[in-house]
Structure formats: C-alpha cells, structure tokens
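The structure under discussion appears below in the form of structure tokens.
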C-alpha cells in the first residue's frame, strides 16, 4: 500500500460508533441497540480538500473549522442512527439551524472555559504575580489544568467512557490500516490506543502556542486581552497545525518526539481499551470510508455478528436493551 493514501485516514469516536474521514468521503458506523451496525457515508465538502488545504497557516484554520463542523455533524448523525425507534428510510438530515446553533454553543463554551476564564483568574492574581510575563505563564498553566481536569471529569461518566473506548478502537484500526494489515479484530488488537495524529495532540499544541502568542501582547487592557483570546484563536490554530505537521514529518527527531509525547500521554485519559464489538464497528467505519473513496457499493446495514450474539444475557439488561462493550 502506498504511504501517502494511508496518512489520509483518521477520525473520531461518536455515540455508539466511529467516524472515519477519508480522502473524499467520510464513513460512519454506529451500533444500534438490536446489535446491527448501520453504515453511512457522505462526500466531503470542497472546503476539506480544495487548494487552500495546501496553503501554510490557512490549512490550519481550515482544519479547525473541519474538526468543529464535521465532528458535530458526525455526533448528531450517530445519535440519530443509534435511536431505538428510528426508521432509517425516514431520515431527513440535520437542519442547518441545528448545526449552526450547536457550533455556536460549542465555541462559546470552549472559548469561555479554556481561554477567557483562565485569563480572568490570572488577571485577578496580577497584584501578587507583579509581572505581565509571569501572568501569561500562570494563565497558560491554568488553561492546561482546566483541559486535563475537564477531560478527567467527563471521563468518569458512563456514556463518555463508552465514547473513549470507541476512540481507542478508532486509533487501533487506523494503526492496523497504516501498517497494511487486513482489517480484522485480531490484527487491530495488536496495537495500542494512542496515536500520534490524534486531535488531542492538536489541543495540547494550541495550549502551548497560545502562551507564546499572548506573551507577545504584554501590557494591554483587560478588554483587549479578552478580545485577543477570541480574535487570535484562528492564528493560534493555524500555527499549532504547522507545528504538528512539521513534527509528524520528523517523528524520529528530538523535536518530533517532544511534540508527540504530551499528546500520547493525554490520550491515556481520552482513550480506553475497547471490546471486540466496538473494534468491529471501527473496522466497518474504516471500510466504509475506503469503499466510498474507491466508488464501490456500500451496504446500509450490517446484521448482528457472532461477537454480539455470543455475549451473555447478563451483559444486556432486558429492561434497557443497551449495547454491550466499553469499560464500566
């Protein structure tokens, strides 16, 4: 298998499933509560593959936009696909206003929690710190603590634990594909859950780059600092992407390893060891994306497999009918 196409595949965990972003399409596989796996694929918008994706800095901003829009769309699709009483033939798609409002709320929450709140705390500590540079450093540390704390807290939720297990299954499947192995559960099991191209590394890099960028703005008023945390976010994302991309092309260098290690460490919090039925879902998501890119026919649904049927009734409470798998 050629190396370049392999690098194009990556994805994310969704509700009871996995989304894989391919070259021209994305594939989505979701485990329904009857044990079947529903498959979905769509062609990617031109914003994801157009000429601007080759422009330095611009491609970083587009990656941030893609992560937000495509990620939210995949989450909402998966929630609908996993619904108990839903009839697949009656799908009407996601209204534009739902996508827009969800994206707006996510942006406001993320910027408010991880950028504005740390700034306000560091500003309040200003008289004690008595240094603009030290204040910027403290703000960056608070931002990092917020990120790790947030991931740790939501990781305690049962449903999020399942998402993190699917996240691990997605990474393991991408590893198997990148190593040119047939996509079987046995081959996927050979790999660990961390992956150097995970979006977690991007988030950590954003945290680090933001400290440097904001440190160049020493001395402005509080109002300007708050505005800068919002207006400069696209620039920070763009620079962060270039740092990640450069380190990925130089993985054997000290710089590449230095950038990759924090992200791999943080993935211990954002991934969990998946069950075989979760790996099965990730494999079908990968195969769906590959088949869509190749123009091959794709089934809409995969019937329950022996992996599902072999699970004991005690793992499937009849009153809930919940899907098995994932760490408790």
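Nothing in this text is a laboratory measurement; each read-out follows from the coordinates by a stated rule. In this text the structure is predicted, and so the values were computed from the model without any measurement. All Cβ positions, glycine included, derive from the backbone under ideal geometry; neighbour counts span all protein chains shown.
Determine the shape class of region 3-313: with a ≥ b ≥ c the square roots of the Cα gyration tensor eigenvalues, call it rounded for a/c under 1.5, and otherwise prolate if a/b is greater than b/c, oblate otherwise. Here region 3-313 falls in the prolate category.
In what sequence, highest mean first, do 57-66, 130-139, 153-162 appear when ranked by Cβ atoms within 10 angstrom?
Values: 57-66: 18.1, 130-139: 16.4, 153-162: 13.8.
My ranking of the peptides, most packed first, is 57-66, 130-139, 153-162.
For residue 217 and residue 34, a Förster radius of 41 Å and the Cβ-Cβ distance give a FRET efficiency of 0.15, rounded to the nearest 0.05. Taking a ≥ b ≥ c as the square roots of the eigenvalues of the alpha carbon gyration tensor, region 144-225 is oblate, as a/c is not under 1.5 and a/b does not beat b/c. Label-to-label distance, residue 57 versus residue 186, with points set 7 angstrom from Cα along the beta-carbon direction: 5.2 nm.
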